[in-house]
Amino acid sequence: MLQLTGAQALVRALTAEGVPYAFGIVGGKLAPLLHAIAAEPSIRFVGVRHEAAAPMMAAAVHAGSGRMALALGEMGPGGLNLASGLGVAFNNNLPLLAITTNQHRAASYPHSGMFMDMDTRAVIAPLVKWNAVVNDPRRIPELVRRAFREALGGRPGPVHLDIPQDVLGAPCSFADDEFEIAPSRYRATTPSRPAAAAVDDAVALLRGAKRPLIVAGGGVIVSGAAAQVREMAQRLGAPVIPTQMALGVVASESPHFIGHGGLIAGDSVKEAFAQADVILSLGCRFSSWMWDAHGPFARRSHRLINVNTDPSALGQPALHEVAMVADAGLALADLLQALGPEPALAVEADWLPRMRAVRAGYDAKLAAMAQETQEVMHPAALAAAIGDALPAEALAVYDGGHTSFWSNDMTPVQEVRTRFHDPGMCQLGFGLPYALALQLQHPGKAVFNITGDGSFGFTLSELDTARRAGLPVVNIIHNNAAWGIIRAGQRKQYDFEMGTGLEGTDYAAVARGFGCHGELVSDAAQVGPAIARALASGLPAVLDCRTRFVPHPAGPLFGSMNQYGFDALTQPPSSSAS
């Protein structure tokens with residue numbers, strides 16, 4: 001029999017799953033677990049400055065590599081602080097394991113009134129797929145295995161275990177082979193293939209399609225199926241729209257690229273949906289980034305082939321003609337085989353060129369904006385200069401509200417898992433923690449956080465984490481000294497302004513105060529040289545780029561998405577109904 005504490009058993013169970021990192025803040029009640037992690041060389045602990053950053057970083061580990069990491073929270077406020085980061089993971093289907101501690105079992109569940117009391121399981125439950133309180137150290141291996149099964153099965157997502165302090169420290173006996181059980185014996189590790197009948201039905205639709213459209217979501221990234229999406233696009237002569245969770249599925253230079261990220265890609269995406277007759281959707285949930293005032297761009301009139309590992313993503317919000325509960329890669333493999341290398345198709349010869357021409361017109365409009373010259377930089381000019389200066393192998397995170405629109409349009413992308421956004425929760429400030437986790441995984445690559453000044457303020461204390469951990473992430477701030485899109489909305493809707501000013505902060509000086517590299521940038525021509533100096537410094541860096549607020553051309557589309565269903569609630573019934 002093995003003699004281990006609860007914490008040691010927990011770490012043994014985590015190493016069986018290959019967990020590479022633990023993120024959090026050291027705390028007294030966590031001491032048994034921290035001691036066990038310190039003795040395990042395969043798990044690196046990274047101390048953050050606010051627990052919210054811990055699950056953001058753990059989520060980025062999965063987004064960047066497909067592996068699961070650990071986010072730690074001390075009892076009470078430590079667990080409460082995890083909430084915003086868990087929201088990022090939950091709404092973007094990114095699995096991680098959150099571990100919190102609590103009062104000892106004699107004083108918790110129900111709690112007895114000690115300081116820092118909190119029903120952490122109940123607080124975190126809405127933000128995770130599954131969670132539990134561990135009341136006996138003997139159950140740790142079983143519950144860790146269940147946590148991974150829940151996190152990685154179906155629609156992926158974060159999970160949580162709350163472990164009272166005495167359970168972590170309690171000695172216990174385990175069978176000699178308790179921690180030698182392979183993951184394949186307690187959770188599904190082989191992805192699911194589609195039903196043969198569904199493949200036949202889908203192929204019949206694709207063969208008869210005149211204007212086929214491919215939508216690639218995050219499920220394509222999870223299944224490693226980008227090359228198969230490109231092959232399907234080539235065979236069908238179809239445009240491809242990657243969602244914001246699938247940036248890079250087709251390169252921005254690809255002949256099949258017409259924009260990515262949904263409605264914020266502007267005219268070509270809306271036009272492609274409007275004209276398509278058959279849509280092949282792969283690992284996409286049709287979130288509101290694919291909506292307008294009338295609902296999902298995939299209308300009832302479309303013949304939709306919907307592939308997803310999550311059954312609940314089929315038929316809602318978009319109705320399908322053919323549904324497959326299947327891995328995107330395996331579904332594509334079967335579809336490609338059934339189609340054959342030179343399929344007989346009904347596709348209109350000018351379908352893809354037409355959509356490419358719409359995209360070219362949109363690109364020209366953006367390029368004209370980038371050429372505007374005024375005393376304060378246009379955001380398009382800054383975004384274009386960043387895109388030109390990024391090293392070919394660089395990784396980039398798009399943070400901020402309006403800022404992310406410009407980044408999405410004007411940052412070139414060649415491959416998957418090189419550009420990252422938070423479309424699910426849109427949590428401002430996630431960018432710096434996310435970028436730090438990417439830098440951990442790719443120490444030899446340049447990593448950038450392209451953010452807004454408002455967003456950067458949420459997590460700028462993690463510059464200290466960056467310096468201590470030796471993570472030279474470059475933060476490029478679109479600094480318009482305001483909550484720009486909120487200010488514009490206040491002025492337009494109500495002709496007032498309150499609380500939107502953020503003037504007077506020198507973020508470059510703040511960075512230097514943390515021991516990082518910092519520069520002010522006021523002209524687009526200075527951006528490239530400033531990026532080169534930041535990379536050469538070998539330090540975490542902040543480039544405080546002074547811009548002005550200019551509405552992005554996709555703003556009206558973004559606004560229409562928010563109107564879906566709202567008119568029916570706010571307008572009186574038509575008198576013709578009687």
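Summary of computed values
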| item | result |
| --- | --- |
| Failed criterion for GLY387 (all others in (1) touching a His at 6+ places or on another chain (Cβ under 8 Å); (2) surrounded by fewer than 22 Cβ atoms within 10 Å (Cβ to Cβ) hold) | (1) |
| Members of the range 1-26 that are charged (D, E, K, R) and either in contact with a helix residue (DSSP H, G or I) (Cβ under 6 Å, 6 or more places away or on another chain) or at positive phi (or both) | GLU17 |
| Cross-chain or 6+ apart pairs with Cβ under 9 Å, the range 405-428 first and β-branched (Val, Ile, Thr), then buried (at least 22 other Cβ atoms within 10 Å of the Cβ) and assigned to a helix (DSSP H, G or I) | THR411/ALA383; THR411/ILE386; VAL416/VAL220; VAL416/ILE221; VAL416/ALA226 |
| Hits in the range 493-527 (condition: assigned to a helix (DSSP H, G or I), surrounded by 14 or more Cβ atoms within 10 Å (Cβ to Cβ) and in contact (Cβ under 8 Å) with a residue 40 or more places away in the chain) | TYR507, VAL510, ALA511, ALA524, VAL527 |
| Close pairs from the range 59-78: first touching a residue at least 24 places away in the same chain (Cβ under 8 Å) and crowded, with 21+ Cβ neighbours inside 10 Å, partner hydroxyl-bearing (Ser, Thr, Tyr) and part of a loop (DSSP other than H, G, I, E, B), Cβ under 9 Å, at least 6 apart | MET75/SER108 |
| Residue list for the range 133-161, filter: in a strand (DSSP E or B) and over 16 Å from GLN8 (Cα atoms) | VAL133, VAL159, HIS160 |
| Complete set of residues in the range 531-578 that are of a type in the set (Asp, Glu) and at pLDDT 85 or above | ASP544 |
| Answer from GLY261, GLY248 - the residue that is at pLDDT below 95 and in the same structural domain as LYS210 (by TED's automatic domain parsing) | GLY261 |
| Residues being farther than 20 Å from ASP464 by Cβ and either of a type in the set (A, V, I, L, M) or touching a helix residue (DSSP H, G or I) at 6+ places or on another chain (Cβ under 6 Å) (or both) - total across the range 518-552 | 16 |
| Any hit, the range 527-542, residues being among the charged types (D, E, K, R), in contact with a Leu (Cβ under 7 Å, 6 or more places away or on another chain) and assigned by TED's automatic domain parsing to the domain that holds ILE386 | no |
| Filtered residue count, the range 466-492, keeping only those that are in a helix (DSSP H, G or I), among the β-branched types (Val, Ile, Thr) and either touching a helix residue (DSSP H, G or I) at 6+ places or on another chain (Cβ under 8 Å) or exposed (fewer than 12 other Cβ atoms within 10 Å of the Cβ) (or both) | 1 |
| Qualifying residue in the range 47-55 (condition: within 30 Å of GLN244 (Cβ to Cβ), in contact (Cβ under 8 Å) with a residue 12 or more places away in the chain and of a type in the set (Val, Ile, Thr)) | yes |
| Pick from the range 163-190, criterion polar (S, T, N, Q) and not in a strand (DSSP E or B), ranking: nearest to LEU330 (Cα to Cα) | THR190 |
| Residue satisfying all of: in the range 389-444; hydroxyl-bearing (Ser, Thr, Tyr), touching a helix residue (DSSP H, G or I) at 6+ places or on another chain (Cβ under 8 Å) and outside any helix (DSSP H, G or I); nearest to ASN475 (Cα to Cα) among these | TYR398 |
| Some residue of the range 294-315 being at pLDDT below 95, within 30 Å of GLY400 (Cβ to Cβ), not small (Gly, Ala, Ser) and not in a loop (DSSP other than H, G, I, E, B) | yes |
| From the options ALA381, ALA368, residue that is closer than 20 Å to ALA534 by Cβ, in a helix (DSSP H, G or I) and not hydroxyl-bearing (Ser, Thr, Tyr) | ALA381 |
| Some residue of the range 99-111 being touching a His at 6+ places or on another chain (Cβ under 9 Å) and either among the hydrophobic types (A, V, I, L, M, F, W, C) or free of Cβ contacts under 8 Å to residues at least 24 places away in the same chain (or both) | yes |
| Residue selected from the range 151-198 under the condition β-branched (Val, Ile, Thr) and buried (at least 21 other Cβ atoms within 10 Å of the Cβ), by the criterion farthest from PRO137 (Cα to Cα) | VAL159 |
| Residue among ALA227, ALA251, ALA293, ALA233 that alone is closer than 27 Å to GLN337 by Cα, surrounded by fewer than 24 Cβ atoms within 10 Å (Cβ to Cβ) and either free of Cβ contacts under 8 Å to residues at least 24 places away in the same chain or touching a Ser or Thr at 6+ places or on another chain (Cβ under 7 Å) (or both) | ALA227 |
| Residues of the range 270-290 that turn out to be in a helix (DSSP H, G or I), modelled with pLDDT of 95 or more and crowded, with 23+ Cβ neighbours inside 10 Å, as a count | 1 |
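Condition check ((1) modelled with pLDDT of 95 or more; (2) among the charged types (D, E, K, R); (3) out of contact with any Gly (no Cβ under 6 Å at 6 or more places or on another chain); (4) farther than 23 Å from GLY157 by Cα) across all residues:
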site	(1), (2), (3), (4)
SER42	yes, no, yes, yes
VAL48	yes, no, yes, no
HIS104	no, no, yes, yes
PHE115	no, no, yes, yes
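The values are calculated or read from the model by the stated rules, or taken from the named source; none is laboratory data. Bear in mind the structure is a predicted one, so any value in this text is a computation, not a measurement. Cβ sites come from the backbone with ideal geometry, for glycine too, and all protein chains shown count toward neighbours.
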